[in-house]
Amino acid sequence: MRVVVTGQVGLDKKAFVGRVSALASRQGFELTTSSVGDLMYAEAPDVMPGRILDLPLSRLNSLRRSVFKDVLAICRDQPNVLVNTHATFRWRHGLFSAFDHDLMDELNADLYLVMVDNVDRIHHRLVRDGHRDHTLKDIMVWREEEILATELLSQIVRGHGCCYIMAVGTDESTAQTVVDLLFRPQKKKAYISFPMSHVTDMPDLLTEIDCFRRELKRCFTCFDPGDLEEKYLTTLALDAAQKGLRSVETGPPGQKVTLDTAQLLDIIADIDGQIYARDFKLIDQADMIVSLVPALPDGRPGLSSGVERELQHAHEATREVFVIWKPQAEPSPFVTETATKVFGSTNEAIQYFHDNEYIPAESSGTLFG
């Protein structure tokens, strides 16, 4: 198994790859990781940490080609190798590729994973590491460029269906998803769908949704849109603008970051556009969609326009569509006519998946092995 993992600068991708490797080891799988960046720094000891992209392109390219041959040698000796690299860079040289097609063709990776994360978390890490010469718009653009370049590379080298978009996330479940993709190909891949932005002030529903997400991740290799949630930045931007604030602080303790209000306002359309496009891509890389429609406190269905559009897209993409419908009111034909099956509870759905062999026997245990 050969896997290429890409992602924009500021992801802390090396730490994430380390979590994947450790989790795979705990679950009895052998996985060797190889970082192109680390190998380049090792071969160029005269380059200061964090400054390798400032090299002339000619030296940068020759250095990369040299160390990638070491990566190929590792791949010949080890059964499972995860190669941590980039598809593109946008730096003082402008936008340029971070790979050589002939060497990637020789590697012939089985899977390509492009990692993504929230724009505010990327900004926090870049500032933490001394990189301040960027805007939030830049980060949004870099992310799209990295996704597109990785998709094109995978299609040229390997063909359709071997590239996956993955959120780094904030817990171990995203590392588990990567381990499952690599070592449990028999597990079905599910996109999990649920209301998000309009239930943020409903703690009981949020608890129900979190339970749904947890249970589905025990059963399937899940692509979860909640692992990358940026819509709250829109509310943050509009509130700050209304109060006349030039900047606003956000993030958990120890990871607080100050964001410029004007820059936040500038990316509102990008946030919406990328959510729309990315979630459809996540559906396309899954075998099925499992959607939770909870009952709101007033009894109405918690069916957002986003969830409705996801169900329709999955149906038109010929994916299996499963809906867990919790309200007392009957679902509309727009739900029933696109759904493979409708359930009354998460437990009912999971029992169906077990009875119909959607879930391998080994997936019945705990999530993190």
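Among the residues of the range 312-336, how many are of a type in the set (A, V, I, L, M) and within 13 Å of D287 (Cα to Cα)?
Matching residues across the range 312-336 total 3.
If a residue has to be surrounded by fewer than 18 Cβ atoms within 10 Å (Cβ to Cβ) and within 26 Å of the chain's Cα centre (by Cα) to count, how many in the range 341-360 make the cut? Before you say what the answer is, go through the steps one by one.
Within the range 341-360, the first condition is being surrounded by fewer than 18 Cβ atoms within 10 Å (Cβ to Cβ), and the residues that meet it are 341, 344-345, 347-348, 351-352, 354-357, 360.
Okay, now just the ones that are also within 26 Å of the chain's Cα centre (by Cα), so 360.
Final tally of qualifying residues: 1.
In the list A15, A73, which residue meets the criterion of being assigned by TED's automatic domain parsing to the domain that holds R158, free of Cβ contacts under 8 Å to residues at least 24 places away in the same chain, under 29 Å from M140 (Cβ atoms) and in a helix (DSSP H, G or I)?
A15
Can you pull out every residue in the range 124-158 that is among the hydrophobic types (A, V, I, L, M, F, W, C) and either without any contact (Cβ under 8 Å) to a residue 40 or more places away in the chain or touching a Lys or Arg at 6+ places or on another chain (Cβ under 9 Å) (or both)?
Those that are among the hydrophobic types (A, V, I, L, M, F, W, C) and either without any contact (Cβ under 8 Å) to a residue 40 or more places away in the chain or touching a Lys or Arg at 6+ places or on another chain (Cβ under 9 Å) (or both): L126, V141, W142, I147, L148, L152.
What are the pairs with Cβ atoms under 6 angstrom where one residue, in the range 252-281, is closer than 10 Å to L136 by Cα and the other, located anywhere, is β-branched (V, I, T)? Sequence gap at least six, or different chains.
Listed by first residue and then by second, the contacts come to L259/V248; Q263/T135.
Considering only the range 99-119, state which residues are free of Cβ contacts under 8 Å to residues at least 60 places away in the same chain and within 23 Å of the chain's Cα centre (by Cα).
F99
Of the numbered conditions (1) in a helix (DSSP H, G or I); (2) more than 21 Å from D12 (Cβ to Cβ), P185 fails exactly one; give the number of that condition.
(1)
Given the condition assigned to a helix (DSSP H, G or I) and either outside the structural domain of E230 (by TED's automatic domain parsing) or on the phi < 0 side of the Ramachandran plot (or both), answer yes or no: does some residue in the range 77-91 qualify?
Looking for residues that are assigned to a helix (DSSP H, G or I) and either outside the structural domain of E230 (by TED's automatic domain parsing) or on the phi < 0 side of the Ramachandran plot (or both), one finds at least one in the range 77-91, hence yes.
Going by the structure shown, is D266 modelled with pLDDT of 95 or more and in contact with a Lys or Arg (Cβ under 6 Å, 6 or more places away or on another chain)?
yes
Output yes when any residue across the range 198-209 is of a type in the set (S, T, Y), assigned by TED's automatic domain parsing to the domain that holds Y358, in a helix (DSSP H, G or I) and within 26 Å of S345 (Cα to Cα), and no when none is.
yes
Can you confirm whether the range 147-154 contains a residue that is touching a Gly at 6+ places or on another chain (Cβ under 6 Å), buried (at least 18 other Cβ atoms within 10 Å of the Cβ), of a type outside the set (D, E, K, R) and modelled with pLDDT of 95 or more?
No: zero hits.
Just wondering, is there one or more residues in the range 73-83 that are over 30 Å from P225 (Cβ atoms) and touching a Ser or Thr at 6+ places or on another chain (Cβ under 6 Å)?
Yes, the conditions are met somewhere in the range 73-83.
Going residue by residue through the range 301-309, is there one that turns out to be touching a residue at least 40 places away in the same chain (Cβ under 8 Å), in contact with a Lys or Arg (Cβ under 9 Å, 6 or more places away or on another chain) and part of a strand (DSSP E or B)?
Checked the range 301-309: no residue is touching a residue at least 40 places away in the same chain (Cβ under 8 Å), in contact with a Lys or Arg (Cβ under 9 Å, 6 or more places away or on another chain) and part of a strand (DSSP E or B).
Here are the criteria: (1) at pLDDT below 95; (2) of a type outside the set (D, E); (3) crowded, with 18+ Cβ neighbours inside 10 Å. Tell me which single one K189 does not satisfy.
Only one criterion in (1) at pLDDT below 95; (2) of a type outside the set (D, E); (3) crowded, with 18+ Cβ neighbours inside 10 Å is unmet by K189, namely (1).
The values are calculated or read from the model by the stated rules, or taken from the named source; none is laboratory data. Fair warning: this is a prediction, and the values are worked out from it, not measured in the lab. Ideal geometry is used to build each Cβ from the backbone, glycine not excepted, and the neighbour counts take in all protein chains shown.
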